[in-house]
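One structure is given below, encoded as structure tokens.
Derivation of every value follows stated rules applied to the coordinates shown; laboratory data play no part. Note that this is a predicted model, so its numbers are computed, not measured. A quick note on method: Cβ atoms are made from the backbone with ideal geometry, for glycine too, and the neighbour counts reach across all protein chains shown.
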Amino acid sequence: MKSTESDNSGVSEVVGVMIMITVTLILAGFVLISANSVTSTHEKPISSTVTATEIKDYDIIFDNVYGEPFTLDRIGISLSISERPIQSIMLSGSDSSLFQSYSGDGIIVLGGRFKLLSEYDDKTGWGEFVLNSGEHLDYSVYDMKTNTLMSTGRIAGK
């Protein structure tokens, strides 16, 4: 006589398919995360405080008073005159004719200095933007790669 009982001790086909789908999704997630981290170019903002300390021979002297080193080609400085706030200018550190490091290598370390060179020999200015005697210059220093404000301040004209 033949037995009519079936052997149900194995895993159901539905459970097997669910396990395969779960493993596939987990692997796809790892591949996506890996690919995203390889192609990601997140730039860390410069963490430094830059202060204008003096105007010497019509050039503005800046000091890195706190934070990490940075290169001049990465920064930009926005200037405006307190007494004439409508007039402003943005200067890029990548313009080596305007920015000069005291070290000569374009790297400003903690305690390092750089000059923003005036285009004139007898006044502080760039193009039509000219700082007159007795006026106050407001400045903002930016990390140009991340569009992050590094520091702001004010210095009296010569």
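Data for the structure
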| item | result |
| --- | --- |
| Longest exposed-site-free window of the chain, the sites being chymotrypsin sites (Phe, Trp or Tyr not before Pro) in a DSSP loop that have at most 13 other C-beta atoms within 10 Å | 1-101 |
| Charge sum, other residues only, whose C-beta stays under 15 Å from Thr124's C-beta, Lys/Arg counted +1 and Asp/Glu -1 | -4 |
| FRET efficiency for Ser133 and Asp105, using Cβ-Cβ distance with R0 set to 30 Å, rounded to 0.05 | 0.30 |
| Translational diffusion coefficient (Stokes-Einstein; Kirkwood radius from C-alpha pairs) of the range 115-158 at 10 °C, 1.306 mPa s, in µm²/s | 134 |
| Neighbourhood net charge (13 Å Cβ-Cβ; Lys/Arg +1, Asp/Glu -1) for Glu43 | +2 |
| Under Karplus coefficients 6.51, -1.76 and 1.60, residue-wise ³J(HN,Hα) of the range 58-65 in Hz, glycine/proline x | 6, 9, 9, 9, 10, 10, 8, 8 |
| Taking the chain and dividing mean pair separation by its residue count, relative contact order in percent (alpha carbons under 8 Å, at least six apart) | 23 |
| Angle between the chain longest axis and helix 13-39 axis [Cα atoms, degrees, rounded to 10] | 20 |
| Highest-fluctuation residue, Ser82, Ser101, Ser133 considered, GNM on the chain with Cα pairs under 10 Å | Ser133 |
| Max mean-square fluctuation residue, GNM over the chain, Cα-Cα springs under 10 Å, options Arg84, Arg74, Arg113 | Arg84 |
| Per-q log10 I(q)/I(0), the chain, q = 0.14, 0.19, 0.20 Å⁻¹ (Debye; single scatterer per alpha-carbon; no solvent) | -0.74, -1.14, -1.23 |
| Student exercise, the chain dipole from Lys, Arg, Asp, Glu Cβ charges, in Debye to nearest 20 | 200 |
| Magnitude of the charge dipole, the range 79-158, Cβ model with Lys/Arg +1 and Asp/Glu -1, debye to 20 | 220 |
| Candidates Leu117, Leu79, Leu27: whichever shows maximal mean-square fluctuation once the chain is modelled as a Gaussian network with Cα springs under 10 Å | Leu27 |
| Value at 222 nm in deg cm²/dmol, rounded to 500, when DSSP H runs of n ≥ 4 in the chain each add -39,500 (n - 2.57) | -6000 deg cm²/dmol |
| Using θ = phi - 60° and Karplus 6.51 cos²θ - 1.76 cosθ + 1.60, couplings along the range 121-128 (whole Hz; Gly, Pro as x) | 8, 10, 6, 8, x, 9, x, 8 |
